[in-house]
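K.L.:
What follows is a single structure, and I will ask about it in a moment.
Values in this text are rule-based calculations from the coordinates and carry no lab data. The shown structure was predicted, so the numbers you read here are calculated from the model rather than taken from an experiment. Cβ coordinates were reconstructed from backbone atoms using ideal geometry, including for glycine residues, and neighbour counts include every protein chain displayed.
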Amino acid sequence: MKDQPIFAEPTLSESALNRIRQYGLRIVGDVHGDLNAFRHAIATKRYILQLGDLVDHGPDSAGVLEVMLDLLETERGMFVLGNHDRKLGRALEGRRLRRDPPLEETLQQIDLSPQEDLARRAYEAIRKAPAWQRINNKLFVHGGFHTAMLAAPPPPTGLEDMSAPLSRALFGETTSRLQPDGYPERRLNWINRIPAGLTVYVGHDRRSYDGRPWHRTGRLGGKAVFMDLGAGKGGHLAWIDLHDF
């Protein structure tokens, strides 16, 4: 592993690449404020790559942000932007958003945090978080795959104008209909557009209720692994260790 080159886009630091070469990579699904589970997930020497939605719903989103910021600052981990992270970032910018009780709870937890600069540091991390991260033949994204992700890097920030690949990265593939729970109906046609040899790791869309990530292979031979197991919402936090780099 140590002698093999690693292609990473956006470019990871040399310290991050060295950690991946030496210890491997741990992929962590949606955390949603479940601090206790997140602490267990990062108790490793492996480099942490978290798939977005750090905040909202769970009991300690502020604590999760503090842990993620420590991983970023010590170059032991990163996260790709999730839709809940983006919403928090836009709120911290001072934008007027529609009422959202989980977001309001997260903002209150940040205000009550003993770290006085948590809001500023969290905003900067969210502003800089890539909407997707490719490492060799694996792509890591919160919501879903778009073929444009193979042709260009993500935008410098995911907090500004929306594009087709950014929308897919944050929200997956949706129809114009709502589900009974009030959330947009989602479809998975994008799995069939993943090219052979590429594996896409996603969160956002909970498809498994048996405590294990959900694996699917598309028509072109590409693979998708769904890692949202409901952490912070009564479910579990998933992680997978990868070594083949």
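K.L.:
Multiply the residue separation of GLU73 and LEU150 by 0.36 nm, subtract the distance between their alpha-carbon atoms, and state the gained length in nm to one decimal.
P.N.:
Contour length minus Cα-Cα distance gives 24.9 nm.
K.L.:
Hey, fewest Cβ within 10 Å first, where do TYR201, TYR47 land in order?
P.N.:
Ordered by Cβ neighbours within 10 Å, fewest first: TYR201, TYR47.
K.L.:
Suppose each label sits 7 Å from its Cα in the direction of the beta carbon; what would the ARG96-ALA164 distance come out to in nanometres?
P.N.:
Each label point is offset 7 Å from its Cα along the Cβ direction, giving 3.3 nm.
K.L.:
Suppose a student asked you for the relative contact order of segment 8-242, using Cα pairs under 8 Å spaced at least 6 residues apart; what percent would you report?
P.N.:
Relative contact order, segment 8-242: 22 percent.
K.L.:
Still on this structure, please answer the following. Roughly speaking, what is the centre-to-centre gap between segment 156-220 and segment 15-72 when only Cα atoms are used, to the nearest Å?
P.N.:
First find each Cα centre; the distance between them is then 21 Å.
K.L.:
Among THR11, THR174, THR106, which comes first, then next, by fewest other beta-carbon atoms within 10 Å?
P.N.:
By the 10 Å Cβ count, ascending, the order reads THR11, THR174, THR106.
K.L.:
Separate question: With a cut-off of 8 Å between alpha carbons and a minimum separation of six or more residues, what is the relative contact order of segment 1-57 in percent?
P.N.:
37
K.L.:
Another one. Arrange the peptides 35-42, 56-63, 123-130 so that the one whose residues have, on average, the most other Cβ atoms within 10 Å appears first.
P.N.:
56-63, 123-130, 35-42
K.L.:
Check the straight Cα-Cα distances from LYS138 and name the lysines below 27 Å, setting aside those fewer than 8 residues away within the same chain.
P.N.:
LYS2, LYS45, LYS87, LYS128, LYS223
K.L.:
Ok, one more. Relative contact order for segment 18-131: what is it in percent, counting Cα pairs under 8 Å that are at least 6 residues apart?
P.N.:
It comes to 25 percent, rounded to a whole number.
K.L.:
Once the piece of chain linking ILE6 and LYS128 is laid out straight, how much longer is it, given 0.36 nm per residue of separation minus the C-alpha distance between them?
P.N.:
Contour length minus the Cα-Cα distance gives 41.7 nm.
K.L.:
Once phi is turned into θ = phi - 60°, what whole-Hz ³J(HN,Hα) does the Karplus curve with 6.51, -1.76 and 1.60 give for every residue of segment 139-156, x standing for Gly and Pro?
P.N.:
My calculation for segment 139-156 gives 10, 10, 8, 6, x, x, 8, 10, 4, 5, 5, 8, 9, 8, x, x, x, x Hz in order.
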